[in-house]
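Engineer: Before we start, here is the structure in question, set down as structure tokens.
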Amino acid sequence: MFYTQSKFIDLIFNLRFQDLLCPWKLIVDSQKKTITSEKRNWFLIGINKTTIPISNIRNITINEHIFGADIHIKIYGSSISTYFLPKKDVAEIRKILNF
């Protein structure tokens, strides 16, 4: 299992102060062969969670910033986006998913 989340310093340098209390999280579970994207709601009560099987991935797009990177995973019918992750973790996710 591989786990990563948005870094505090990346959110500050990219002026995303509203996301400091509720960062994005991305979990790649190689045993269950799933990817889960999580983000706490802005009112801090619930969590928005999207889980997809790895076999449904069509395309991965990575946007790198000076601090951090965004990853957009396109699947059949929709997409998952996770923002301001560490660049090293995004490269590791691409390596795990063989893209």
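We did not get these values from a lab; they are worked out from the coordinates using the rules stated. What you see is a predicted model, and the numbers here were worked out from it, not measured in a lab. Cβ: placed from backbone, ideal geometry, glycine included. Neighbour counts: every protein chain shown.
Engineer: For region 61-71, which residues satisfy the criterion of being among the hydrophobic types (A, V, I, L, M, F, W, C) and crowded, with 16+ Cβ neighbours inside 10 Å? Let's see the steps before the verdict.
Structural biologist: The first filter runs over region 61-71 and keeps only residues among the hydrophobic types (A, V, I, L, M, F, W, C), leaving 62, 66-67, 69, 71.
Matches in region 61-71: Ile62, Ala69, Ile71.
Engineer: On to the next question. If you scan region 35-59, which residues turn out to be surrounded by fewer than 16 Cβ atoms within 10 Å (Cβ to Cβ), on the phi < 0 side of the Ramachandran plot and not aromatic (Phe, Trp, Tyr)?
Structural biologist: Keep residues of region 35-59 that are surrounded by fewer than 16 Cβ atoms within 10 Å (Cβ to Cβ), which gives 41-49, 51, 53, 55-56, 58-59.
Remaining after also requiring on the phi < 0 side of the Ramachandran plot: 41-43, 45-49, 51, 53, 55-56, 58-59.
Residues satisfying the conditions are Asn41, Ile45, Gly46, Ile47, Asn48, Lys49, Thr51, Pro53, Ser55, Asn56, Arg58, Asn59.
Engineer: Is it the case, given these coordinates, that Leu44 is among the aliphatic types (A, V, I, L, M) and either in contact with a helix residue (DSSP H, G or I) (Cβ under 6 Å, 6 or more places away or on another chain) or more than 13 Å from Tyr83 (Cα to Cα) (or both)?
Structural biologist: On the way: among the aliphatic types (A, V, I, L, M): yes; either in contact with a helix residue (DSSP H, G or I) (Cβ under 6 Å, 6 or more places away or on another chain) or more than 13 Å from Tyr83 (Cα to Cα) (or both): yes.
The answer is yes for Leu44.
Engineer: Now for a separate question. Checking Thr4 against (1) loosely packed, with under 14 Cβ neighbours inside 10 Å; (2) hydroxyl-bearing (Ser, Thr, Tyr); (3) touching a Leu at 6+ places or on another chain (Cβ under 6 Å), only one condition comes out false. Which one?
Structural biologist: Looking at each condition in turn, Thr4 falls short on (1).
Engineer: Let me ask something else about it. Residues that are free of Cβ contacts under 8 Å to residues at least 12 places away in the same chain: which strands (runs of 3 or more DSSP E) entirely in region 1-92 hold 1 or more of them? If you could, list the steps in order and put the result at the bottom.
Structural biologist: Working: elements: 2-5, 24-29, 34-40, 47-53, 57-64, 69-75, 78-85.
Strands (runs of 3 or more DSSP E) meeting the threshold: 47-53, 57-64, 78-85.
Engineer: Name, by its number, the condition in (1) hydrophobic (A, V, I, L, M, F, W, C); (2) farther than 18 Å from Met1 by Cα; (3) out of contact with any Leu (no Cβ under 8 Å at 6 or more places or on another chain) that does not hold for Leu20.
Structural biologist: (3)
Engineer: Residue by residue through region 25-34, note down the ones that are farther than 17 Å from Ile75 by Cβ and crowded, with 18+ Cβ neighbours inside 10 Å.
Structural biologist: Filtering region 25-34 for residues farther than 17 Å from Ile75 by Cβ gives 25, 30-31.
Of everything in region 25-34, just one residue is farther than 17 Å from Ile75 by Cβ and crowded, with 18+ Cβ neighbours inside 10 Å, namely Lys25.
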